Amino acid sequence: MQRAQAGVAAAAEPATPPLAEPAAQPGPLSVRLLGAESADRARWDAFVQACPEATFFHRAGWQRVIEEAFGHRTWFFLAERDGHIEGVLPLAQIKSRLFGHALIALPFCVYGGVAAHTGEARAALDAEALRLAGSLNVGHLEYRNYTPAHPDDAAWLGKDLYVTFRKEISGDDEANMNAIPRKQRAMVRKGIKLGLTGEVDRDVERFFTAYANSVHRLGTPVFSKKYFRLLKEEFGDDCEVRVIVQGEGSEKRLVAGVLSFFFRDEVLPYYGGGMPLARDVAGNDFMYWNLMQASAAKGYRIFDFGRSKRGTGAFDFKKNWGFVAQPLPYEYRLVASHDLPDVNPLNPKYQLFIKLWQKLPLPLANVLGPHIVKDLG
């Protein structure tokens, strides 16, 4: 038995597997300011494009626009780990004797606040914003959230003032037209019947004329033409200037104009206005239909009618299109102030100013307006 065992070849011992390399531990999260170099800004915008929480108003280009058009200080913070961005927070300071002192994400924008992939990045950016707000001794820190960011934190206050209007559109013109309620659809058809057409401009000249006329009638200070030029220059094809005209050749008349942003699958008509003629020919009604039609043909599938205040004509106009109002959960963190800000045209203390502004000659209003509106944010 022993000889038999000795004559049998011994089985090969199984090879010992190599020890597995320990998994690399993620590095620490750090928060820093966005750099001036183009590569850093490209990384920021790539993150914004991919992050579900981010909006067009988180894009890096807003830093240049706000600084050059209005002269406000900005802080564009990013949170990163191992060279990868996990969150961004663009902030700008508004400091005005008339309208208060605030740190906002982001003024002149309807959406803002933190956009992040991780809770750790969100908390780190929050902490940096609060630190900055304290060091500047602002009245309040404001996040223009699209969705609630601190629903269970009593230190963050809110108010039910703003709503947004967003709706899906299809690639079929007839389906989009039929989705418009009957009375509003009749106004769109009126503009079509009266021969209105849309044209896309490379500059802001005609748009500004229509816009400035419109806001003056409303008693609202006008933005500078420089601001709109910067928007078009900074965002390129993602910022479209469209005007509505009636007639041809020497008989062509400017009716209305709209400046819109494009982001992912969304179109956002952001600034618009009409000449006095627009009311007679349903110019504004046709303008938004013309934009919707052109955007749907290019593959955009969300029409974002933008922010409005409850109780305003703009609110009613958008509702008439069949859009459902969605509350915007803006948040405010009081720092040096004891009360929430109330800078809006519905505030009774601004009514006399609005009436006086409407009586100013348009050329004078266009000169004075930018010096006031830059501090409204």
(request) Mind giving me the FRET efficiency for His371 and Asp172? R0 is 45 Å, r the Cβ-Cβ distance, nearest 0.05 is fine. (result) 0.45
(request) May I ask you to list, by number, the DSSP H helices of the chain whose Cα span along the axis is at least 24 Å and whose average Kyte-Doolittle hydropathy reaches -1.0 or more? (result) 119-136
(message) Exposed loop sites here are GluC sites (Glu not before Pro) in DSSP loop states with at most 16 other C-beta atoms within 10 Å. What is the longest stretch of the chain lacking them?
(response) 38-247
(request) Take the alpha carbon atoms of region 323-344, find their center, do the same for region 124-169, and report the distance between the two centers in whole angstrom. (result) 8
(request) Stick to the Cα atoms of region 172-277, pair each with every other, and give me the Kirkwood hydrodynamic radius in Å at one decimal. (result) 15.0
(request) Report the extension gain between Leu340 and Ile302 in nm, rounded to one decimal, defined as 0.36 nm multiplied by the number of residues separating them, less their alpha carbon distance. (result) 10.4 nm
(message) On a straight-distance basis, which lysines could pair with Lys298 in a cross-link, Cα separation under 22 angstrom, same-chain partners fewer than 8 positions away excluded?
(response) Lys167, Lys232
(message) Ranking request for peptides 102-114, 305-317, 270-282: highest mean number of other beta-carbon atoms within 10 Å first, then the rest in descending order.
(response) 102-114, 270-282, 305-317
(request) Kindly provide the Kirkwood hydrodynamic radius of the chain in Å, to one decimal, from all pairs of distinct alpha carbon atoms. (result) 23.2
(request) For region 122-215, count the residues as N, evaluate 2.2 N^0.38 Å, and divide the Cα radius of gyration by that value, please. (result) 1.78
(message) Using helices alone, I'd like the mean residue ellipticity at 222 nm for the chain: each DSSP H run of four-plus residues gives -39500 (n - 2.57), total over residue count, nearest 500.
(response) -11000 deg cm²/dmol
(message) What whole-number distance in Å separates the alpha-carbon centres of region 59-103 and region 207-227?
(response) 25
(message) For Cα pairs less than 8 Å apart in space and 6+ apart in sequence, what is the mean separation divided by the residue count of the chain, i.e. the relative contact order in percent?
(response) 20
(message) Treating region 48-116 as a set of equal point scatterers at the Cα positions, no solvent, please give the Debye-formula log₁₀ I(q)/I(0) at q = 0.14, 0.17, 0.19, 0.22 Å⁻¹.
(response) -0.43, -0.60, -0.73, -0.92
(message) Using the Cα centre of the chain as the reference point, and only Cβ charges (+1 on K/R, -1 on D/E), how large is the resulting charge dipole? Debye, rounded to the nearest 20.
(response) 1640
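Laboratory data are not the source of any read-out in this text; all were calculated from the coordinates shown. For clarity, every value in this text was computed on a predicted model and none was experimentally measured. Counting neighbours? That spans all protein chains shown, and the Cβs are built from the backbone with ideal geometry, glycine included.
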